[in-house]
Amino acid sequence: MAGDVADAAAVGGAVERARAALGPIHIMINVAGIGAFVPLLEMSQAEWDRMIAVHLTGTFNCTRAAVPDMLAAGWGRIVNTASVAGLSGGGPGLSHYAAAKGGIIAFSKALAHELGPSGITVNCIAPGLIDTPLIRSSLVTAELRARAIQGAPVRRIGEPEDIAAACAFLVSDAASFFTGQVMSPNGGRYM
C-alpha cells in the first residue's frame, strides 16, 4: 500500500486498505526514509522539515494508526528504524538526519513505557551503513564507502539481510523481554 508516511491521512488510508486485505495489524515495522548531506548553514527550512516529516513524523503516523489493533489483541510488536547517526550524531551535513533518527530512538523508548503494560513491545534498530538502493544511488561516495569498510572491525558494510535478521528477532516471541531497546547492527564501527 503506497503512501507518503509524512501525511497522516495517506497513512490512515493505507492502514485501512491493509486491514481490509490482511486483517488486524499486530506487527509494525517503521522503515521509510530519505537521506541527504546538507551543511547546517546551507540547509533550507524545507529540507529540515521534510527530513523530520518522513523519519520522525512518519514513524509517529504509522505507529499511531496501527496501535489500536495491537491494544485490542493485547499483543503487538513495533520496530522502528533509526540509524547509528541517531546515536553518534552522524557527522557533517547530517544534523537534520541525526536529529530525526535520535527522535525515533526517544519516541521508541517513550512508547515502550506507555505500551508495555498492554503486551506491546517497542524496539529500535539503529543500523550502520547498509548496502541499499538509496545508499548506492548517490548518498555515499566510493571514498566514504571504503572508509566505512576500513573502519568496521568486520571489514564490510551491512546487507539488508543483517537488518532483516535483527527485525525478525525483535518481532518474535523470543524477544518478548526486549522493549525500549536499541539494537545497532553496524559491524562494530560504533560501539
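Tabulated values for the structure
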{"item": "Every pair of residues 6+ apart whose Cβ atoms lie under 8 Å, when the first sits in the range 96-114 and is free of Cβ contacts under 8 Å to residues at least 60 places away in the same chain and under 20 Å from Gly128 (Cβ atoms) while the second is outside any helix (DSSP H, G or I) and polar (S, T, N, Q)", "result": "Ala98/Ser83; Lys101/Ser83"}
{"item": "Filter result (under 11 Å from the mean Cα position of the chain (by Cα), within 13 Å of Asn30 (Cα to Cα) and small (Gly, Ala, Ser)) within the range 65-99", "result": "Ala82, Ser83"}
{"item": "Qualifying residue in the range 45-57 (condition: assigned to a strand (DSSP E or B), under 17 Å from Leu134 (Cβ atoms) and not aromatic (Phe, Trp, Tyr))", "result": "no"}
{"item": "Flag for Gly180 being loosely packed, with under 15 Cβ neighbours inside 10 Å and either among the aromatic types (Phe, Trp, Tyr) or under 17 Å from Leu87 (Cβ atoms) (or both)", "result": "no"}
{"item": "Residue within the range 74-90 that is more than 25 Å from Trp48 (Cβ to Cβ) and of a type in the set (Lys, Arg) present", "result": "yes"}
{"item": "Pair list, Cβ < 8 Å and 6+ apart or interchain, from the range 166-191 residues that are under 19 Å from Leu115 (Cβ atoms) to residues that are assigned to a loop (DSSP other than H, G, I, E, B) and small (Gly, Ala, Ser)", "result": "Val182/Ala82; Val182/Ala126; Met183/Ala126"}
{"item": "Selection from the range 15-59 of residues that are within 19 Å of Arg77 (Cβ to Cβ) and aliphatic (A, V, I, L, M)", "result": "Val15, Ala18, Leu22, Ile25, Ile27, Met28, Ile29, Val31, Ala32"}
{"item": "Long-range neighbours under 6 Å by Cβ, at least six apart or interchain, first residue of a type in the set (Gly, Ala, Ser) within the range 14-30, second modelled with pLDDT under 95 and not in a strand (DSSP E or B)", "result": "Ala14/Met1; Ala14/Gly3; Ala18/Met1"}
{"item": "Test: residue in the range 139-161 that is on the phi > 0 side of the Ramachandran plot and not in a helix (DSSP H, G or I)", "result": "yes"}
{"item": "Residue selected from the range 31-55 under the condition touching a residue at least 60 places away in the same chain (Cβ under 8 Å) and surrounded by 15 or more Cβ atoms within 10 Å (Cβ to Cβ), by the criterion farthest from Ala126 (Cα to Cα)", "result": "Phe37"}
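The values are calculated or read from the model by the stated rules, or taken from the named source; none is laboratory data. These numbers come from a predicted model, not from an experiment. Neighbour counts are summed over all protein chains in view; Cβ atoms, including those assigned to glycine, are modelled from backbone coordinates with ideal geometry.
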